[in-house]
Amino acid sequence: MTGTFERTQTLREWLTDNEPSSRTQARFGRAYLSWRSLSRNPLAMLGLIVVVGLILVAIFADQLATQSPFIGGDLRTERLQPPSAEHWLGTDSQARDIYSRLVHGSRLTLMIVVLVTVIAMPVGLLIGTVAGYAGGWLDSVLMRITDIFLAFPRLILALAFVAALGPGIENAIIAIAITAWPPYARIARAETLTIRNSDFIAAVRLQGASTPRIIARHIMPLCLPSVIVRVTLDMAGIILTAAGLGFLGLGAQPPMPEWGAMIASGRQYIIDYWWVATMPGIAIFVVSLGFNLLGDGLRDVLDPKAAR
């Protein structure tokens, strides 16, 4: 028991050493301090629990769902049934189990969030760092394009792109990604402007490093924490935009269990059969709140100006 305690203490001291002896020790130490700071924030931990729960539900949807999310029961006896022991959250107008559809819909929600992030974040990060480092006419052109995208509400712009591309979950993801990158470009440009004239950038330039190498190896990593925080905060907006497109019939198409489309199918029963539209609405609210709480916590942890 004493040996285990000593090893734990040694590991903690190694992680919190003010003079790390290697890059690996510095990275692990920084990650440990960030986690310790995040764990002190109860709201951020609540958001983390919600996000992790969404991921686990999406992974184990087949095991958690009690019935098929696509095939309904007998329309004469099981249609629009209230929550019960057999149907935990009730059934919809097609006698399908709402709980099972919500569980499988978490996969669609997570897929949309991940794909939009994978597409939009690198684009915004690249445009912002290039504009901030290059300056001049290139900066003006890239930022004016960014301003054009920022001038329109995200949902309206996404509607325009989906209308041009056609309804469907793939086109909805592309449309949301096209509208999501401008804030990341703005943040990356602002960070780049503060560090492009730093001494270490000048030293790297004197060593003969090319502009692409300086941007990719030295500027982008420094801009990444701020962009990650903004991405986490934007995930709730991405979910709401996807739900809005699904509600209007331009996102996921029936019978896919997308939460926005589920609300649309239940809006005509909202008075007498409230659970049909309310349950997916609660799911959207909880997941969006979780991402917002986690984003606020990450902002406090990753802010380089915050005192630890």
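With only Lys, Arg, Asp and Glu charged, each at its Cβ (+1 for the first two, -1 for the last two), find how big the charge dipole of the chain is about the Cα centre; round to the nearest 20 debye. Walk me through the numbers on the way to the answer.
Details: 25 positive and 21 negative charges, 184 e Å.
With only Lys, Arg, Asp and Glu charged at Cβ, the dipole is about 880 debye.
Below 11 angstrom from the Cβ of HIS218, what's the summed charge of the other residues (Lys, Arg +1; Asp, Glu -1)?
On the way: positive: ARG196, ARG205, ARG213, ARG217; negative: none.
Here the charged neighbours net out to +4.
Can you tell me the relative contact order of the chain? Whole percent, Cα pairs under 8 Å, sequence separation 6 or more.
Details: 439 pairs, mean separation 70.0, N = 308.
Contact order relative to length: 23 percent.
Using a cut-off of 13 Å between beta-carbons, work out the net charge of the residues near LEU245 (Lys and Arg +1, Asp and Glu -1, LEU245 not included). Let's see the in-between values first.
Working: positive: ARG154; negative: GLU170, GLU258.
Result for the neighbourhood of LEU245: -1.
Nearest 10 degrees, 0 to 90: what angle lies between the long axis of helix 154-165 and the longest principal axis of the chain (Cα atoms)?
70 degrees
Under 1.5 on a/c is rounded, so check that first for the chain, then, if it is not, pick prolate when a/b is larger than b/c and oblate when it is not; a ≥ b ≥ c are the square roots of the alpha carbon gyration tensor eigenvalues. List each step's numbers first, then the result.
Details: a/c = 3.14, a/b = 1.48, b/c = 2.12.
It is oblate, given that a/c is not under 1.5 and a/b is not larger than b/c.
In whole Hz, with x marking every Gly and Pro, tabulate ³J(HN,Hα) for the stretch 245-260 from phi via Karplus 6.51 cos²θ - 1.76 cosθ + 1.60, θ = phi - 60°.
Values, residue by residue: 5, x, 4, 7, x, 9, x, 4, 9, x, x, 4, x, 7, 5, x Hz.
What is the distance in Å between the Cα centres of the stretch 99-156 and the stretch 54-71?
Each part reduced to its Cα centre gives a spacing of 29 Å.
For ARG267 and MET45 in the same chain, what is the full-extension length gain: residue separation times 0.36 nm, less their Cα-Cα distance, in nm? Working shown, then result.
Details: separation 222, 0.36 × 222 = 79.92 nm, distance 3.35 nm.
Answer, rounded to one decimal: 76.6 nm.
Helix 136-150: angle to the longest alpha-carbon principal axis of the chain, degrees 0 to 90, nearest 10?
20 degrees
Mind jotting down a quarter of the surface of the convex hull over the alpha carbons of the stretch 197-308, in square nanometres, one decimal?
Working: hull surface 42.8 nm².
Over all viewing directions, the stretch 197-308 projects a mean Cα-hull area of 10.7 nm².
Each residue of the stretch 273-285 in turn: what ³J(HN,Hα) in whole Hz from Karplus with 6.51, -1.76, 1.60 and θ = phi - 60°, glycine and Pro shown as x?
Karplus-based 3J(HN,Hα) across the stretch 273-285 equals 10, 4, 5, 4, 9, 6, 4, x, x, 5, 4, 4, 4 Hz.
Run lengths n ≥ 4 of DSSP H only: what is the helix-derived mean residue ellipticity at 222 nm for the chain, with -39500 (n - 2.57) per run over all residues, to the nearest 500?
Working: 13 runs with 220 residues, N = 308.
Only helices count here, giving -24000 deg cm²/dmol.
Could you tally the net charge around ARG96, taking each other residue with its Cβ under 15 Å from the Cβ of ARG96, Lys/Arg +1 and Asp/Glu -1?
On the way: positive: ARG76, ARG79, ARG101; negative: ASP74, GLU78, GLU86, ASP92, ASP97, GLU258.
It works out to a net charge of -3.
Please list 3J(HN,Hα) in residue order for the stretch 290-299, calculated via the Karplus relation 6.51 cos²θ - 1.76 cosθ + 1.60 where θ = phi - 60°; whole Hz, with x for glycine and proline.
Listing the rounded values in order: x, 5, 5, 5, 5, x, 4, x, 5, 4 Hz.
Toward the positive end of the charge dipole of the stretch 42-302, about the Cα centre and with charges on Cβ (Lys, Arg +1; Asp, Glu -1), which of TRP88, LEU56, PRO212 goes farthest?
Final value for the positive-end residue is PRO212.
All of the numbers you see were taken from the coordinates with simple rules; none came from a lab. All values derive from a computational prediction rather than experimental measurement. Ideal geometry is used to build each Cβ from the backbone, glycine not excepted, and the neighbour counts take in all protein chains shown.
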